[in-house]
């Protein structure tokens, strides 16, 4: 009988997840989104219906998957110290992969900018292209991001000290600062004097800043979820892995924007 009782207890600190349909659904939704986006950009699809449907399925399945993860962390007690360390390590590897993507974009930019060929007029920016000045909206966006780094750090310290109201204040300010950044970025794209199809200059510029823009949109979602969880007492002073990964994500995007600003707006203009 003692043997049967012991067999019902877990003898290791890791969490064996239950079977879930969401990894498979998210995988197919990502594949559909990527293919429909590529086909639409190359003119093989005349409408955006398939792309929009793929994005709706992707966001819905991600939301349901995250719901299950939050239930495991908050109500089921499955996220032990060992599990939290594994989650942090996995997110760090994700951040490294994102940094390598941006490194490839910077490589492509410097490849054309430092040795422009005759088709570009042997100058950078190419002949006929008017680059965005670094002292306009890009400078304002830089200030906004630096401010968001300060407010999220204030929120993190308040959470560690158990000051819930100050943590909510800092997180709310950070959320609206990132919304302001994305709004300014949309205004900048709307008034740009070139598009992504205007040669290598437009392609590399919008590839770099557009990828960062997409990440900032995802950061808005992450901050919104963190604010909702903080208001519902799902974060404690020593158990807030989702918040920690969001803070790391924001700081990495801040640093990446500083490189984008110095290279593509200041040096590149």
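Give, in nm to one decimal, the length gained when the segment between residue 218 and residue 262 is fully stretched (0.36 nm per residue of separation minus the Cα-Cα distance).
Stretched fully, the residue 218-residue 262 segment lengthens by 13.5 nm.
What fraction of the Cα pairs in the stretch 19-78, stated in percent, has a spacing above 15 angstrom?
55
Once you put a point 7 Å from the Cα of residue 89 and another 7 Å from the Cα of residue 255, both along the Cβ direction, what distance in nm separates them?
About 2.1 nm separates the two model spin labels.
For the chain, with a Gaussian network of springs between Cα atoms less than 10 Å apart, report the residue from 66, 91, 28 with the top mean-square fluctuation.
Looking only at 66, 91, 28, the biggest GNM fluctuation is shown by 28.
At a Förster distance of 35 Å, what's the computed FRET efficiency of residue 150 paired with residue 49, Cβ-Cβ distance as r, to 0.05?
The formula returns an efficiency of 0.25 here.
Need the full-extension length gain, residue 161 to residue 20, defined as separation in residues times 0.36 nm minus the C-alpha distance. One decimal, nm.
Difference between extended and current length: 47.1 nm.
What do you get for Rg/Rh over the chain if you use C-alpha atoms and the Kirkwood form of Rh?
1.04
Please work out the FRET efficiency for the pair residue 140 and residue 100, using the Cβ-Cβ distance as r and a Förster radius of 41 Å; give the result to the nearest 0.05.
Computed FRET efficiency for residue 140 and residue 100: 0.90.
Calculate the spin-label point distance for residue 187 paired with residue 237, positioning each point 7 Å from the Cα along the beta-carbon direction, and give it in nanometres.
4.2
Quick check: residue separation of residue 30 and residue 71 times 0.36 nm, minus the Cα distance between them. What number comes out in nm?
12.4 nm
Compute the angle between helix 22-41 and the longest alpha-carbon principal axis of the chain, please, reported from 0 to 90 degrees and rounded to the nearest 10.
So the helix axis and the longest Cα principal axis differ by about 10 degrees.
Measure nothing but the geometry: give the 0 to 90° angle between the long axis through the Cα atoms of 199-231 and the longest principal axis through the Cα atoms of the chain, rounded to 10°.
30
Between residue 41 and residue 115, what's the calculated FRET efficiency when r is the beta-carbon distance and R0 is 41 Å? Round to 0.05.
Working from the Cβ atoms, E equals 0.90.
Arrange the following residues from fewest to most other Cβ atoms within 10 Å of their Cβ: 32, 115, 60.
The fewest-first ordering by Cβ neighbours comes to 115, 60, 32.
Can you tell me the orientation of helix 49-74 relative to the chain, as the angle in degrees between its alpha-carbon axis and the longest Cα principal axis, to the nearest 10?
Helix 49-74 sits at roughly 40 degrees to that axis.
Measuring from centroid to centroid over Cα atoms, what is the spacing of the stretch 110-176 and the stretch 230-257 in Å?
Here the two parts' Cα centres lie 18 Å apart.
FYI, it's all coordinate maths here, none of it is from the lab. Quantities reported herein were computed from a predicted structural model and do not represent experimental measurements. Glycine also receives a Cβ, built like all others from the backbone with ideal geometry; neighbour counts cover every protein chain displayed.
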